[in-house]
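Read through the structure below, which is laid out as structure tokens, and then see the notes.
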Amino acid sequence: MKIKSKFRAIFLTMVIIASSLAGCASANKEAKEPSATPTQTAEKSEASNTTDESTNEEAASQVISEEAATLRLYGPGLFTTVGENGSTDIVTGVSKPGYKVVIDRWKEFYPNVELQIETIPWDNWRAATQTAALSGDVDVLLHGSSIVPVCEPIVSYLEKEPEVREAVGMMAMRKNVELAPLSEYIPYGLTITVNPVMVVIDKEIFEHYGVELPNYESWTMQDIVDLAKKTTGTDPVTGKQTYGMSMIAANSTNKNYIWSSRAFNNAIFEWGETLGTTKVNFNNDLTRKTLNYLTELVSFASPDYAEGLDMAVAYTADNNLAMFIIEDAYSAYNTIKAAGLENKYMFAALPKIEAGEFAGITSSHMGDWNMAICNNSKQKDLAWAFIKFMVTDEVVQQWLLDTYSIPANKAASSRLSEFMPDDYANSISYVVRTSPLEFSASANNCYDSGNFGTFANDLTTVINEMAQGNMDVEAAIQFVQKNVDDYLGTLK
Amino acid sequence: MKGMGNHALINKGVNMKNKQLFALKLKRQLVWYSFIIVSILTLGILTYLPMLTTIKYSFHDTQVLGFGEEKFIGLLNYQKIVNNSSFLKSIANTFILAILGLASIPIGFVLASLINNIGKSKWQSLFRVGFYFPNIITGVSVVLIFQIVLKANGGLLNNALSLLTGQKVTIGWLSDSRFSHLGATILSVWGSMGYSMLINLASLQSIPSEIYEAAEVDGASGFKQWLYITIPQMTSCFVFLFITSFINGLARFSDLFIIGGNTSAGRPGGTLQTILMYIYQFSFETPQYGIASAGAMILFILTFTITMINLKLTGFFKKK
């Protein structure tokens, strides 16, 4: 009996050891596979390339790879919104196809590369993404390029494939002193979809007040104030109280600083060799002008603006806001469409920039949903192949349009008028077309939320305090300047 | 020799017995330890190890945890945040909110006294459950409700105040930095007074009725009974609520984060930015993990010190 037990124990031990070794072997295999570069895969599979008619020029350069691997994606954004099999918005009734379309298309080029997509909501996404990146189990970070330390710069990939840079209207750019002078931007990821900041104009309210609609390609900052003033009061037709302007929500009113400082060309950064030697010249007359401008404009907002409750009846027939600024243009259009109010509203780009290098183009900036390569990934080349596929493949661009997103791909975004009336599509296309490649909501020549400590939060604080009458412009400037200087002082 | 032999045998027997006893004791101890070993390991790995790591990072120049070069910089992170006005302001905010939040204790006591006076009946159960109810509502819902109740333009509280004063009141309880501490306190007291009431009520009902009967025989009025019997008998309950409420107040985060519109800026005007929000800001919004770790250690020291002072003052360390 004892001998039998011993044999049984030895047998079981051997089974455990054998399984462990098998596990190690497969892990090693996975780790080795990523070394296959797009060039290598191209050589291997040139002969077997499909002749799919729907494949466009860029997609045609994709190849079928027979290498087996698993590409792990993690993060928030569109994949979360639509899910694998699609979703239907309960408010607008709009249905969106799921990311299965992307997986199926990817399989056509990489049949043995499995996409493992883990989606998360936007709540707390930075913390979750950083933790996931730290685990070492992520190859592609969805919207990861906002966290520069965990991302791989894609300079070398873009040098090899410059056509990718040409294809898009925006790129996730940040600064990195180790790679280039701080005055230059380094691409950290590819922007998949963009969200231009737009003004929604209630044409009916304008008509009731007898005010002419603006030409968004030429209107000025002063025009916005004048129009807001004219449309604040008692509506001559309905007798209801209306408000001229509702800016981007008070809890993220730092974003109002982005477009207004850009419009006044308030370039505040004096880049040094390192961040420690960089100066932020916030205390200047253009900052005074910008902050005073925003305080004046907020005086034409609803008293509920400060609490974020002013948009309760926007997008309804009872709307009381003549103009309001939005960051999610396509969703806004869908809501308007679902309410049957397409003729009531129109979109406009924000006023033109008054001076400097970009004078004459709109001050509207764009938010984005991007993808980046995690810098501890062992499959960086494969990760690059995927994010490139997301911005160049024709089927994916069609899927993006079908999900009511605005593709960063310029050719795809120019097709927006097929999906919405000119009153909406033209102004969006105008912003996407004219916006400089490196100008984003996070980093530009007037604003940078990533490199200067609490700069973004401090702006929110002072703009709200000025709107409440609790702070004057000088105190606001001193507050922000001191915090930035203190922060930069810690980097020396 | 024979005697010696017997002695050796006896010694051997005692040794054997001692060994058996030790083995038995060890076996029993191991059984007991086996019950808590999982908890100890979990606590060690998930609580104390990260704590030790945080101490380590507070002395390093670390931007994002696990990425980039980590350079030992001594006390520089501590020096940076102690000299930072926003951090000092966040400490002040934390203490102001924690102290104001203690209002839930007297309110809970008054409620408990009123409910206790009803006597044991279905009405008492109804009020007990009714007042405890806010405690089980999720924080997010509470904030959403109170954003309407406390709004400047036509909010429930302002409407009530307008009615009482005969003048239009438009105080932005959660949007004006001059009133936001009060607004945030109204919200937290509403959420926690049910818990305070329940603990107070349990404590009130544990006071022996004989003491009141004796006082009544001696001619003590209701107020005197309350002042000289109820209050002294409730001391340990108050101390417990004081310590737990204060520590909870120091760790306040999620409701203030939502009030600020899901940012750690502590809107309005930075008045609702607590130490935890400051730490969050440097952990995830503008990652400087070394600074965030130093902030976390300062918060730990503050909480630890306050707890020790509380325990000392309340005689926790006195030998009974």
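Read-outs throughout are calculated quantities, based only on the coordinates presented, and are distinct from any laboratory measurement. As the structure is a prediction and not an experimental result, all values here were calculated from the model. We place every Cβ from the backbone using ideal geometry, glycine too, and count neighbours over all the protein chains shown.
How far apart, in nanometres, would the label points at B:TYR228 and A:THR131 be if each is projected 7 angstrom from Cα along the Cα-to-Cβ direction?
Reported label-point gap for B:TYR228 and A:THR131 is 5.7 nm.
Using only helices, what value at 222 nm comes out for chain A when you add -39,500 (n - 2.57) per DSSP H run of length 4 or more and divide by the total residues, to the nearest 500 deg cm²/dmol?
Value at 222 nm, helices only, nearest 500: -12500 deg cm²/dmol.
In whole Hz, what ³J(HN,Hα) sequence does the range A:129-138 give by Karplus (6.51, -1.76, 1.60; θ = phi - 60°), x for Gly and Pro?
5, 4, 5, 4, 4, 5, 5, x, 9, 10
Which three extents, in whole angstrom, do the alpha-carbon atoms of chain B cover along their principal axes, largest first?
Largest first, chain B extends 111, 76, 31 Å along its Cα principal axes.
Please find the FRET efficiency linking B:LYS12 to A:LYS378, where r is the Cβ-Cβ separation and R0 is fixed at 60 Å, and quote it to the nearest 0.05.
0.40
Over all residues in A:242-254, what is the mean tally of Cβ atoms on other chains that come within 10 Å of each residue's Cβ?
2
Given the -39500 (n - 2.57) contribution per DSSP H run of 4+ residues, what per-residue ellipticity at 222 nm results for chain B, rounded to the nearest 500 deg cm²/dmol?
The per-residue figure over chain B is -22000 deg cm²/dmol.
Cut-off is 10 Å between beta-carbons; in what order do B:TYR228, B:TYR195, A:TYR99 appear when sorted fewest neighbours first?
With the sparsest Cβ surroundings first, the list reads B:TYR228, B:TYR195, A:TYR99.
Considering amide H positions built from the backbone, and no H for Pro or chain starts, which residues 5 or more places from A:ILE117, or on another chain, come under 5 Å of its amide H?
A:LEU73
Take the residue pairs A:LYS255/B:LYS89; A:LYS175/A:LYS482; A:LYS352/B:LYS151; A:LYS255/A:LYS279; A:LYS229/A:LYS344 and return only those whose Cα atoms are more than 28 Å apart.
In this structure, A:LYS352/B:LYS151 lie more than 28 Å apart at Cα.
Tally Lys and Arg at +1 and Asp and Glu at -1 over the other residues with C-beta under 15 Å from the C-beta of A:ALA306: what net charge comes out?
Computed value for this residue: -2.
Under a 10 Å cutoff between Cα atoms, tell me which one of B:ILE243, B:ILE231, B:ILE107 has the largest fluctuation in the Gaussian network model of chain B.
B:ILE231
Collect residues whose amide H, placed 1.01 Å from N in the peptide plane, falls under 5 Å from the amide H of A:THR193; neighbours closer than 5 in sequence don't count.
A:TRP369, A:ALA408
Tell me, what HN-Hα J-couplings in whole Hz come from the Karplus equation 6.51 cos²θ - 1.76 cosθ + 1.60 at θ = phi - 60° for each residue of the range A:380-392, using x for Gly and Pro?
Running phi through 6.51 cos²θ - 1.76 cosθ + 1.60 with θ = phi - 60° gives 4, 5, 5, 4, 4, 4, 5, 5, 5, 4, 5, 9, 10 Hz.
Where nothing but the Cβ of Lys and Arg (+1) and of Asp and Glu (-1) is charged, how large is the charge dipole of the protein assembly as shown around its Cα centre, in debye to the nearest 20?
Using Cβ point charges on Lys, Arg, Asp and Glu, the protein assembly as shown gives about 5940 debye.
Length gain on complete extension for the stretch A:MET311 to A:ASN112, per 0.36 nm per residue less the alpha carbon to alpha carbon distance?
Here the answer is 66.8 nm.
Which FRET efficiency value, to the nearest 0.05, is calculated for A:GLN241 and A:THR70 with the Förster distance at 60 angstrom and r the Cβ-Cβ distance?
So, using R0 = 60 Å, E works out to roughly 0.55.
Tell me, A:TRP369, A:TRP384 in order of fewest to most beta-carbon neighbours within 10 Å?
So the residues, fewest neighbours to most, are A:TRP369, A:TRP384.
Rounded to whole Hz and in sequence order, give me ³J(HN,Hα) for the range B:244-251 from the Karplus expression 6.51 cos²θ - 1.76 cosθ + 1.60, θ = phi - 60°, writing x for Gly and Pro.
5, 5, 5, 5, 4, x, 5, 9
So for the pair B:ASP218, A:LEU275, with labels modelled 7 Å out along Cα→Cβ, what separation do we get in nm?
About 6.9 nm separates the two model spin labels.
Which of A:ILE336, B:ILE96 has the fewest other C-beta atoms within 10 Å, and how do the rest follow up to the most?
B:ILE96, A:ILE336
Taking amide hydrogens as modeled 1.01 Å from N in the peptide plane, which residues meet the under 5 Å criterion relative to A:SER246, leaving out close sequence neighbours?
Answer set, sorted by chain and number: A:MET323, A:PHE324, A:ILE325.
Length gain on complete extension for the stretch A:GLN222 to A:ASN284, per 0.36 nm per residue less the alpha carbon to alpha carbon distance?
20.3 nm
Whole-Å semi-axes of chain A's equivalent ellipsoid, largest first, each the root of 5 times a Cα gyration tensor eigenvalue?
Each semi-axis is the square root of five times an eigenvalue, giving 46, 27, 22 Å.
A:GLU357 to A:ASN124: extension gain in nm, 0.36 nm per residue of separation minus the Cα-Cα distance?
80.2 nm
May I ask you to derive the relative contact order of chain B, considering only C-alpha pairs under 8 Å and at least 6 residues apart, and to give it as an integer percent?
25
Considering only DSSP beta bridges whose two residues both sit in chain A, what percent are antiparallel, to the nearest 5?
The answer is about 75 percent antiparallel.
If the elastic network links every pair of Cα atoms under 10 Å, which of B:THR286, B:THR42, B:THR235 fluctuates the most in the Gaussian network model of chain B?
B:THR42
Which residues does a label at B:SER141 reach in the range B:172-196, if reach means a backbone N under 19 Å from a point 7 Å past the Cα toward the Cβ?
Those under the cut-off are B:187-196.
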